[in-house]
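Reading through the structure tokens given below for one structure.
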Amino acid sequence: QVQVVESGGGLVQPGGSLRLSCAASGDFFFFYDMGWYRQAAGKQRELVADITTGGRTNYAASVSGRFTIYRDNVKNTMYLQMNSLKPEDTAVYYCNTPRENLPWGQGTQVTVSS
């Protein structure tokens, strides 16, 4: 079964950028549609971007135009390039399939603050 490890989070000022990585171990990563989720304190986890095996992407309205999701099936890694970050982007970010059928990783904390 595919397992995932998220990395790349940190503290950034409003307007800054970060790139998150989701490294997958196990077989057949390239068979999975994948997505980036986030969970802010006191809120439910939400899907912010997803990408199909063929590279088609979708974004939540709150991040559209600022975030870019992409994947490298050779490296078994998915990325989330986050630009023009806002304080409301502060959350723990996770990766999983859009059906949430992989074990959840520990996530990576993103904090946007001046």
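The values are calculated or read from the model by the stated rules, or taken from the named source; none is laboratory data. This is a predicted model, so every value here is computed, not measured. No Cβ is skipped: glycine too gets one built from the backbone with ideal geometry, and neighbour counts run over all protein chains shown. Quick note on the areas: whole protein, heavy atoms, side chains included, nothing else; ligands and nucleic acids left out. Shrake-Rupley method; radii C 1.70, N 1.55, O 1.52, S 1.80 Å.
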Any idea which of L102, L80 is more than 21 Å from Q13 (Cβ to Cβ) and of a type in the set (A, V, I, L, M)?
L102
Within the set of pairs 6+ apart or on separate chains, which have a first residue in the range 59-81 that is part of a strand (DSSP E or B), a second that is among the polar types (S, T, N, Q) and open to solvent by less than 40 Å² (accessible area, probe 1.4 Å), and C-beta atoms under 6 Å apart?
T77/S21; Y79/S21
Restricting to the range 43-75, and then to whatever is charged (D, E, K, R) and either touching a Gly at 6+ places or on another chain (Cβ under 7 Å) or closer than 14 Å to L20 by Cα (or both), can you tell me which residue is surrounded by the fewest Cβ atoms within 10 Å (Cβ to Cβ)?
D72
Evaluate the following for P14: is it open to solvent by 20 Å² or more (accessible area, probe 1.4 Å) and either closer than 15 Å to Q3 by Cα or at pLDDT below 95 (or both)?
no
Flagged in the range 82-102 as surrounded by fewer than 16 Cβ atoms within 10 Å (Cβ to Cβ) and part of a loop (DSSP other than H, G, I, E, B), in numbering order, are N83, S84, K86, T97, P98, R99, E100, N101
